[in-house]
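Reading through the structure tokens given below for one structure.
The values are calculated or read from the model by the stated rules, or taken from the named source; none is laboratory data. Quick caveat: nothing in here was measured; it's all calculated off a predicted structure. Cβ sites come from the backbone with ideal geometry, for glycine too, and all protein chains shown count toward neighbours.
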Amino acid sequence: MLYRDVVEQKGLYLILFYGLASLISEASYTGVYLFEIILAGLSLWLVKKCLDIYGIEWKRQAPLLIMAAVQFFGCTYTNHGGDVAEILLLPVFLYVYYCGLRKIKQGISPNYFLIGLLAGLVFWVKYNLVVVFAVWWIFEAVSAFRGKSVRALILNTCKIAAGVILSGLPVLIYFVYHGALYDMFNVYFVLNITGYPSRSLSEKLLLFITSFLSGFTPFVVIAGTYYSVKGERGKPKSTFAYNLLYMSIFTAYLFLSGTKITYYYALYLALIVPQLMFFSTLIDSLKSEKVKRRAGLAFAVGCITFTAILSNTFPYLLTQNAQPGSKWAEWNTRIAYDEMLEYIQTNRQEEGLSVLCLGIDCCPFYRYADCFPDTKYPIYLNARGKEMASYYRDSINNRDYEFMLVPDTEFIPKGYEAVLTENIVWQRHSRKFVLYQRSGTIS
């Protein structure tokens, strides 16, 4: 039972998504990849809908959509494998932004009940990402107060709440039926709130600056802000305040999060439309139509080339058939796993595979070797409670596992000896992992 028998910090709907993907390919990410393609197409379609609101012709949209695709799936936001909630939920974030933009520009209100359903979905995938809906609702509330339509705001908020409740009912019913509601609350909320290390404001600021400056984030924020100020400010029903509200709240949220994980910053991609409008006006500023067409074509080709080189998939295409001894061999995780599994099967002294992977970085070996430990804490999560830390500490001190796979750090488990060192690609970087065997059992 999730949360009670197996601890995982993500929400039930994300687990369900992976379950659906596993029906396509149980032992690989092929299923996830196929779903990502569908979600990518939906994201680009929503960007196109936003550009339609601005009256951008479809011929001029092509290079802009290519640019959007580059930023959605470039290495910055997918360097942890790509299958992260921030990227998977990008169509939802763009839809919320589109709803606000359409109401400002065309006066068309969204389906508030649908907004609530989507907010509930996001809440049970990764609840802190509802910040996107909070930004949108704040703008709705301010607009309602300025327009003296508070009654309509209350009614619409009730519709949103109804959607949120309906979306969350299956989750609550599931855990109540299995008698695991307390376990769900204790893990999904309490552990996620208290399990991360605390950081000072100076540490958070440094992490924010270094993470913000990586990848495409500065281009989204700077170009988007410039267009909002120059292109929208002062116009009737402008999106100036709307865009800047998004940027300020996202910035405050990411700063207070105190994280160096770059895919968190994919939230800024909900603001990619004003950035694309900046480049659209830049191309339009060129003098002749011929120069504009050439600029658009060069822009599109450059984006495709840039993506092909920096894509998260590119190194794996070069290494999937690499053989031991070749210059690409250390990038082929399969080769490293083959050698470790062969050593374990040849030199083990116990029945079955008794392996503990210390750290989330080396846990894919469980799937490869089909040796998931029968424990409540099969993976050492980023959010760690006292019980989880105690379990791993006791397992190491008591030497419960015959083998341990550890990232190459200063930590050396007592009572174990290093028997094999391999280079394994994790999150697009080659890292050393050390296989240890319990002392006294080495043949």
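Below, the figures for the structure above:
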read-out	value
Selection from segment 200-238 of residues that are within 30 Å of residue 384 (Cα to Cα), modelled with pLDDT of 80 or more and surrounded by 12 or more Cβ atoms within 10 Å (Cβ to Cβ)	203, 204, 205, 206, 207, 208
Residue check, residue 354 at pLDDT below 55 and crowded, with 17+ Cβ neighbours inside 10 Å	no
Which listed residue is at pLDDT below 85, within 18 Å of the chain's Cα centre (by Cα) and of a type in the set (Phe, Trp, Tyr), from 17, 73	73
Condition check for residue 173: farther than 19 Å from residue 107 by Cβ, more than 32 Å from the chain's Cα centre (by Cα) and not hydroxyl-bearing (Ser, Thr, Tyr)	no
Top-ranked residue of segment 253-267 - restricted to ones that are in contact with a Ser or Thr (Cβ under 9 Å, 6 or more places away or on another chain) and surrounded by fewer than 18 Cβ atoms within 10 Å (Cβ to Cβ), ranked as nearest to residue 129 (Cα to Cα)	261
Scope segment 25-38; condition surrounded by 14 or more Cβ atoms within 10 Å (Cβ to Cβ) and either at pLDDT 85 or above or among the aliphatic types (A, V, I, L, M) (or both); matching residues	32
Matching entry among 6, 32 (being outside the structural domain of residue 169 (by TED's automatic domain parsing) and more than 17 Å from residue 129 (Cβ to Cβ))	6
Long-range neighbours under 9 Å by Cβ, at least six apart or interchain, first residue outside the structural domain of residue 344 (by TED's automatic domain parsing) within segment 402-423, second modelled with pLDDT of 80 or more	none
